[in-house]
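Student: Take this structure, written in structure tokens, and hold onto it; I'll ask about it next.
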Amino acid sequence: MHLYVLRRLLMTVPVLLGLTVIVFLIMSLIPGDPALAILGSYATPENLARLRADLGLDLSLPQQYWVWLTNILQGDFGRSYHLNRPVLDEVLERFGATLILAGTSLALCVVIGAAAGIVSAVRQYGWADRIITLLVLIGISVPAFWLGMLMILLFAVELRWLPVSGMYSIYGGGDLPDLLRHLVLPAIALAVVAAGVIARLTRSNMLEVLRQDYIRTARAKGLDENRVILGHAFKVALVNLIPVIGVQAGFVIGGAVYIETVFQWPGIGRMLVNAISTRDILLVQGGVLVVAASYVLFNLCADLLQYWLDPRIKA
Amino acid sequence: MIRSLALPKGLGLSALALAVAGLSAPLAAQTPPNVLVVGQIAEPQSLDPAQVTAVNDFRIMMNMYDGLVRYADGTLEVEPALASEWQISDDGTVYTFTLRDDVRFHDGSAFDAEAVVFHFERMLDEAHPYHDTGPFPLAFFFESIDSVEASGEHEVTFTLDEPYAPFLSNLAYPTGLIVSPAAVQEHGDDFGRNPSGTGAFQFEEWQSNSRVIASANPDYWDGAPALEAVVFRPITDANTRVAEMMAGGIDLMVEVPPDNVAQFAEDPMYAVSEQAGPHLWFLILNTREGPFADQRMRQAINYAIDKESLVDNILEGTATVAAGPIPPAFEWAYNEELEPYPYDPDRARELIAEAGHEGAELTFYVTEGGSGMLDPIPMGSAIQADLADVGLDVSIETYEWNTFLGEVNPGLEGKADMAQMAWMTNDPDTLPFLALRSDAMPDQGGFNSGYYSNPEVDELLERARRSVDQDERAKLYKEMQAIVHEDAPWAFVANWKQNAVSSAAVENFRLQPSFFLLLHEVSKP
């Protein structure tokens, strides 16, 4: 077990390294110049050349990458050209915000998705199933940013129940209830699609499991229906759901880009979009590294959880 | 039996509904009195005036710092600020400023001649110990400075290497806002996030992607501001900015999308302000090769584009039709006699036929967005359609802003016939001097990407720059505008009107032709 975890963790190193090489290459291949992005439309060739030299952009690509890599290994992620601030400070601050949003959203979509899937499967072809299936279809099809805009208009502008945007109130606030108030709308908007996916999978998995002989046996023994569904059927269906939830975690972090823009959530998705458009290579690298590492970790956790839940894997 | 629903219905949803109801208990949607919350279009890059190039950042800094001079309210003409008076030598190369002696920086250090010297040498002198706290992209505004000396405790003397008329208005620009040397020494590279100036509001806090807070400077030399504090919130998405305005989360927003201006204008809860600014939206035409080497073709383009329709329909009245290379906001230098090229497709067809370029194929560079570019893609498509109307076959190539600048600034030769461009400037000299002179070709570090060259224009611009007499400069600029209008190296399209929406509680707010946001006089009881 420990060996397995260790091996998985070690395997992430080449994955992350390869990823940074690819990101570095893509950032170098797309046209546009960080120096130009900093100096703006007034940039003269002379100033550009000087700034490129200052930033180390006049080195060859492999040299630039090598400098970056050796600095990273010493814990130095560099300074963002555009924000004029250490990359690590910015990335960690922003990633924390994204984790709060994505984590809440993931919890919401797992709970709602699984509950809807179970109800749907238990009452297959009943009215609850039909309504849930319809809602799931709508949920999967609606673009999250559009749903977010509608929710803002209804709950923030018309009803004034919740704030429009941001993570904390501009004055006062800053405590947990304040954070939760700001979290409700973006977390729901972000959860909808993933909840739909999880609901569908839960339903099909549950349907399959409910047809198994041992479920009939359990019922024949006169076991309480709740225990049959949650204790016997769902536990088995969950084994197949765990890896999907791992993938959805990545999806939620990725989808956060749109939601963070609509709700002005100070997360890492919006940071990356800005960093790419300003050609802030160091910031992009740092951000991608952290997001990718977390993605790898989530999947590792999902695998471990599955390993722990499913006795067959141990054998 | 199997159908018996064993689970409580919609447990998750009802729990969520309860949670929402609990959390949403009386939410103070309105902002507190005497605190102005401003919706900005983006996170500032830095609050160091020497480093910043974006209007978005200028809006904050103009309230935290002062320059030696500033634009008088509602104009683009300079008046005293940190300097109470100044003398200019007869040859126009020595400027002596007398400084106010009652001013301190927010960090408590004294504002004096040494601080002014520090500010300019930091940007201009590579040997200066704090030159490495840059880069200073707009330092070239002050390139003409040969030396800057403290000729007294409260007297500064600038010596220019040649007469340079825009010098005073450059001093009024954000790059000329004076920073506290003590704060730069203390924070070094991080000064941009720990700014200290002499302005009406002093920096309190910058929370990344959330807010910048500045509080009133009670000792402000020009009178303490009426507001207690200003909060600048970056809200990049225009729809979200509008929603915040409607929900009462912000008191003032700039760059309102044209679609929403009418809606706010009809509502008595809001006031809409508009102000034409020193902005020009134009098409650079490649005068070196291809059809636009012929002046008749360049004029034909100017006739063929329906500028009224662009301004009314695409920009929905947020701009006016441009007549020439200098925007009307520079009242003193603007040639009133100049009329925009009328929309006249027949005249355009005649000129195209005369030039023998019927059905010419043209490459048109369009950008996706960018500083001052307004609505570039719809504008590009509308222009393409207008030109198709007069028989020109235009193919559009679209680039993201940085890439676009990387393609256009080095010149259009061998690549394109025309390109969109927009400039916002602070002096009538800037744009033509940097983008229309024979000595401003891209390979000489200029921005004349269409290679326009007319010795008469060169001469007029050189003379205007050397003259210290504003009336004489005005005459020269007017002459230059008439020539450029006729030569048509560009298609002159639009001058942007900046807009802002404020809530009814905001008093004494007005937009400035400089596009700066000045909040010193604003109150919100």
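Student: Would you call A:G231 farther than 30 Å from B:E244 by Cα, modelled with pLDDT under 90, in a helix (DSSP H, G or I) and within 14 Å of another protein chain (Cβ to nearest Cβ)?
Tutor: Answer is yes for this residue.
Student: Scanning the range B:130-167 for residues that are within 14 Å of another protein chain (Cβ to nearest Cβ) and of a type in the set (G, A, S), which turns out farthest from A:A43 (Cα to Cα)?
Tutor: Across the range B:130-167, the extreme among qualifying residues is B:G134.
Student: Continuing with the same structure: When you go through B:A238, B:A262 one by one, which is the residue that is away from chain A (no Cβ under 13 Å) and of a type outside the set (F, W, Y)?
Tutor: B:A262
Student: Any idea which residue in the range A:132-173 is farthest from the other protein chains (Cβ to nearest Cβ), counting only those that are at positive phi and more than 24 Å from the chain's Cα centre (by Cα)?
Tutor: A:G173
Student: Looking for whichever is without any contact (Cβ under 8 Å) to a residue 12 or more places away in the chain and outside any helix (DSSP H, G or I) here; the options are B:E336, B:E316. Which one fits?
Tutor: Answer to the check: B:E336.
Student: From the list B:L412, B:L405, B:L436, B:L461, which one is under 21 Å from B:L160 (Cα atoms) and of a type in the set (A, V, I, L, M)?
Tutor: Going through B:L412, B:L405, B:L436, B:L461 in turn, just one is under 21 Å from B:L160 (Cα atoms) and of a type in the set (A, V, I, L, M): B:L461.
Student: Determine whether the range A:79-86 contains at least one residue that is hydrophobic (A, V, I, L, M, F, W, C), away from chain B (no Cβ under 13 Å) and in contact (Cβ under 8 Å) with a residue 12 or more places away in the chain.
Tutor: no
Student: Given the criteria out of contact with any strand residue (DSSP E or B) (no Cβ under 9 Å at 6 or more places or on another chain) and surrounded by fewer than 22 Cβ atoms within 10 Å (Cβ to Cβ), does B:A72 qualify?
Tutor: Taking the combined requirement at face value, the residue does not satisfy it.
Student: Take B:G223 and decide whether it is more than 22 Å from the chain's Cα centre (by Cα), on the phi > 0 side of the Ramachandran plot and within 14 Å of chain A (Cβ to nearest Cβ).
Tutor: For B:G223, the condition - more than 22 Å from the chain's Cα centre (by Cα), on the phi > 0 side of the Ramachandran plot and within 14 Å of chain A (Cβ to nearest Cβ) - is not met.
Student: Would you pick out the residues in the range A:44-73 that are closer than 26 Å to B:F191 by Cα and part of a loop (DSSP other than H, G, I, E, B)?
Tutor: A:T44, A:G56, A:L57
Student: Further, regarding this structure: Checking the structure you have, find out if any residue of the range B:377-398 is surrounded by 21 or more Cβ atoms within 10 Å (Cβ to Cβ), polar (S, T, N, Q) and within 26 Å of the chain's Cα centre (by Cα).
Tutor: For the range B:377-398, residues surrounded by 21 or more Cβ atoms within 10 Å (Cβ to Cβ), polar (S, T, N, Q) and within 26 Å of the chain's Cα centre (by Cα): absent.
Student: Still on this structure: Can you find, within the range B:427-460, the residue that is farthest from B:I145 (Cα to Cα) among those that are part of a helix (DSSP H, G or I) and touching a Pro at 6+ places or on another chain (Cβ under 6 Å)?
Tutor: In this case the residue turns out to be B:P442.
Student: Additional query: Against the definition (in a helix (DSSP H, G or I), surrounded by fewer than 19 Cβ atoms within 10 Å (Cβ to Cβ), within 14 Å of chain A (Cβ to nearest Cβ) and in contact (Cβ under 8 Å) with a residue 12 or more places away in the chain), how does B:G192 come out, yes or no?
Tutor: Criteria not met by B:G192.
Student: Suppose we filter B:I301, B:I250 for residues that are among the β-branched types (V, I, T), more than 23 Å from the chain's Cα centre (by Cα) and either under 26 Å from B:Y477 (Cβ atoms) or buried (at least 21 other Cβ atoms within 10 Å of the Cβ) (or both); which single one remains?
Tutor: Residue meeting the stated conditions: B:I301.
The values are calculated or read from the model by the stated rules, or taken from the named source; none is laboratory data. From a predicted model like this one, the values you see are computed outputs, not experimental measurements. Note that we place each Cβ from the backbone using ideal geometry, even for glycine, and neighbour counts take in every protein chain shown.
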